[in-house]
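S.K.: This structure is in structure tokens; I'll ask about it shortly.
We did not get these values from a lab; they are worked out from the coordinates using the rules stated. Note that this is a predicted model, so its numbers are computed, not measured. Neighbour counts are summed over all protein chains in view; Cβ atoms, including those assigned to glycine, are modelled from backbone coordinates with ideal geometry.
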Amino acid sequence: MSGRTSKTVVISGGTDGMGRATALARLARGDTVIVIGSSGEKGRALVEEAARAGAGERFRFLHADLSTVGEVRRVAKEIVAGHPVVDALILCANRPSPKRRETSDGLEFTFALYYLSRYLLGELLRPVMDAAPAPLIVNVSGVGNTVGSVRWDDLQLRRKYSMIKAQLQANRANDLLGVSFADRAAGKARYVLYHPGFTRSGDLSPLNPVMRGTIRLLARVKARPVETAIRPIVEWIDEPPSAPLTAVDRGKPVDLSLPTLDKHDAERLAKLTEELLRSPGVTRGR
């Protein structure tokens, strides 16, 4: 740690898989780490692990359901109140939902958790990130994959829902989120869209036993170790890319002219998102 300045890192979805591994890696480098997660049990376990590593004073767990607007706003307010500078925001929160369900805001769960929470955290933490010398946002999603689309006429997937369709739409929405953030110069932060590929990571508990078993079996043979998948994230926090937007798919740069990274679509989604956040069913979360 000699010669380097410690940073403050916020990780959403940080009690499992890549988020958890990134938290521990950055604690080992001397950083202050704030993890947001929905499992109190996993959060407490991570608190204990940080303490055993001698990093308890530099670790904070915030228990929250990031699928609801009010909870995102609450934890963002707590972070801003307690940390005048945030150097990096790592967005990992996601949980597949085999059946369509709605949040208390009346939003489709995957859209709310996987996309909207990331949009809001980037917006709400902007003041404390702009106070950092070289702030960074890493959105861990599926950039480079061109399968799936944003359902402009049915963002909440009320018609013909499927878990795969919901995940793919949120992937494409996160692609556009990165484009919009960089194009609008929505803060000092450099934005990285990162697709780690198939990784031994994530919470499989929402899936049925057959699907869980299949994924775990495939992971033994095909998946990348978590330590390999997080390596670029850990390094970007120390040395953010110079470009406003960087996209990386399994170690390779992504062509920013891909149709899935269209600037007009990005602006369209940003406007729709703002309209959604102003709607009567959601504004109570403000």
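S.K.: Do me a favour and compute the ellipsoid semi-axes for the chain from its Cα gyration tensor, root of five times each eigenvalue, largest one first, whole Å. Could you put the intermediate results ahead of the total?
M.R.: On the way: eigenvalues 137, 98, 81 Å².
Equivalent-ellipsoid dimensions as semi-axes: 26, 22, 20 Å.
S.K.: Calculate for the chain the 222 nm mean residue ellipticity that helices alone would give, adding -39,500 (n - 2.57) per DSSP H run of length 4 or more and normalising by residue count, nearest 500 deg cm²/dmol.
M.R.: The helix-only estimate for the chain comes to -13000 deg cm²/dmol at 222 nm.
S.K.: With each pseudo-label sitting 7 Å past Cα toward Cβ, what's the Arg101-Ser6 distance in nm, one decimal?
M.R.: That separation, rounded to one decimal, is 3.8 nm.
S.K.: Additional query: Give me the tail of P(r) for the stretch 6-92 as a percent: Cα-Cα pairs with distance above 18 Å. Walk me through the numbers on the way to the answer.
M.R.: Details: 1289 of 3741 pairs.
Of the Cα pairs, 34 percent sit more than 18 Å apart.
S.K.: Let me ask something else. Could you state the per residue volume, in Å³, of the convex hull enclosing the Cα atoms of the stretch 47-150? Please report the intermediate quantities before stating the final value.
M.R.: Working: hull volume 15.3 nm³, N = 104.
Taking only Cα atoms, the stretch 47-150 has a hull volume of 147 Å³ per residue.
S.K.: Now for a different question. Calculate how many DSSP beta bridges within the chain are antiparallel, expressed in % of all such bridges and rounded to the nearest 5. Each step should come with its number before you reach the end.
M.R.: Values: 3 of 32 bridges.
Percentage antiparallel, nearest 5: 10.
S.K.: Let's see if you can work this out: charge +1 on each Lys and Arg Cβ, -1 on each Asp and Glu Cβ, no other charges. What is the dipole magnitude of the chain about its Cα centre, in debye to the nearest 20? Walk me through the numbers on the way to the answer.
M.R.: Values: 43 positive and 31 negative charges, 138 e Å.
It comes to approximately 660 debye.
S.K.: Further question on the same structure: Say we join alpha carbon atoms closer than 10 Å with springs in a Gaussian network model of the chain; which of Ala182, Ala88, Ala51 then has the biggest fluctuation?
M.R.: Residue with maximal mean-square fluctuation among Ala182, Ala88, Ala51: Ala51.
S.K.: Could I ask something else about it? What fraction, in whole percent, of alpha-carbon pairs in the stretch 233-286 exceed 17 Å separation? Write down the numbers at each step before the final one.
M.R.: Numbers: 846 of 1431 pairs.
Tail of the P(r) past 17 Å holds 59 percent of the pairs.
S.K.: Also: So for the chain, if I pair up every lysine 8 or more residues apart or on another chain, how many of those pairs have alpha-carbons under 26 Å apart?
M.R.: Counting lysine pairs in the chain gives 20.
S.K.: What distance in nm separates the two pseudo spin-label positions at Ile164 and Ala243, each 7 Å out from Cα along the beta-carbon direction?
M.R.: Between Ile164 and Ala243, the simple spin-label model gives 3.1 nm.
S.K.: In percent, what relative contact order does the chain have, based on Cα pairs under 8 Å that are 6 or more apart in sequence?
M.R.: Relative CO of the chain lands at 20 percent.
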